[in-house]
Amino acid sequence: MLGLQLILAGFQALSTLLVSNTDAGLAFYDPTKNGGFMLDNAGGGGGEPLNVIISGLSSPAVLTDAGILHYAQAIGFSFECLGFHLGAPQSANLGDGNGWVNQTIELRYDFGDDDVGTCLESLVGGNHFRVFRQNGTEANSGALFLAVSQEEDVWDGHTIIPDGYNVGRDLLVAAAVGHTSHDGVKYSTVAQNMTGLLAPGSTGLVNQGIATDGVTVLLTVTIL
Ligand SMILES: *[C@@H]1O[C@H](CO)[C@@H](O)[C@H](O)[C@H]1NC(C)=O
Ligand SMILES: *[C@@H]1O[C@H](CO)[C@@H](O)[C@H](O)[C@H]1NC(C)=O
Ligand SMILES: *[C@@H]1O[C@H](CO)[C@@H](O)[C@H](O)[C@H]1NC(C)=O
């Protein structure tokens, strides 16, 4: 009997090891507490705000590359239009010991068609976000930090619209909150506003003309 219990305990320890390769029980670490920044590096001496965080307490499958892509599709985003990538990758330092790391992926709002929708978006403007993963050994929350913004159309130089950081964030959050689904996977998403991570205003932003209200939204995404 004791033998069986030991085997069971050993099995549980092993499965814990296999399942939770991130720090348990944490939504995210504040990057600024360990040399990181709540702005990414957009080149040109400034950055864009990391204005949405997908909590490390979300269902683990959501936090993988394939998982965030699938989730993004459930809330109306898709792959970037193939062959029509306009922006250079940006990098972020999330205070996790990895230093500055390029974005994992960039997703654009899909105008209702997975194949050509994002191409249309690249032409007419719209919402997009870049994804950065907090997974260095010094702050391994597994959380995804998103730089979300709303752009003007390509004919206007693909720049962020006035108030484009707040607008882009609010549109993404509005599309995400509650129950969504894609390809048979059902999601429940809860949002929480946080202040104090990023100062309101435009200090350090790549485009000094576009201020943010300083609100960062934490999304916890659960697969139902
Ligand atoms: C990030 O992307 C840029 C542009 O593609 C590339 O030059 C740079 O080497 C990349 N940095 C890292 C750390 O991968
Ligand atoms: C951390 O995330 C980066 C970017 O998504 C990925 O390339 C890397 O393999 C991850 N590291 C670990 C240890 O999972
Ligand atoms: C969160 O902040 C945004 C932007 O300031 C605001 O529009 C929204 O009402 C807030 N939501 C909650 C639940 O406080």
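The values are calculated or read from the model by the stated rules, or taken from the named source; none is laboratory data. These figures come from a predicted structure and were not determined experimentally. Because the Cβ atoms are built from the backbone with ideal geometry, glycine has one as well, and the counts that use them run over all protein chains shown. With ligands, DNA and RNA removed, areas are computed over all heavy atoms of the protein, side chains included. Shrake-Rupley method; radii C 1.70, N 1.55, O 1.52, S 1.80 Å.
Odds and ends about this structure:
- Using the 1.4 Å probe convention, the accessible area of the range 136-224 works out to 46 Å² per residue with neighbouring protein chains retained.
- G204 sits among other residues whose Cβ lies under 12 Å from its own Cβ, and their net charge, with Lys and Arg +1 and Asp and Glu -1, is -2.
- Neighbourhood net charge (13 Å Cβ-Cβ; Lys/Arg +1, Asp/Glu -1) for Y165: -4
- Protection-proxy order for peptides 175-186, 40-51, each taking the mean of Cβ atoms within 10 Å per residue, highest first: 40-51, 175-186
- Environment charge of D213, counting only residues whose C-beta is closer than 12 Å and scoring Lys/Arg +1, Asp/Glu -1: -1
- Rounded to the nearest whole Hz, the Karplus-based 3J(HN,Hα) values (6.51 cos²θ - 1.76 cosθ + 1.60, θ = phi - 60°) of the range 39-52 follow the sequence 10, 7, 10, 9, x, x, x, x, x, 10, x, 8, 8, 9, with x at glycine and proline.
- Heavy-atom accessible area with a 1.4 Å probe sorts I223, I54, largest first, into I223, I54.
- The range 136-224: relative contact order as a whole-number percent, Cα under 8 Å and 6+ apart: 24 percent
- Placing dummy labels 7 Å off each Cα toward the beta-carbon, the span from D65 to T159 is 3.4 nm.
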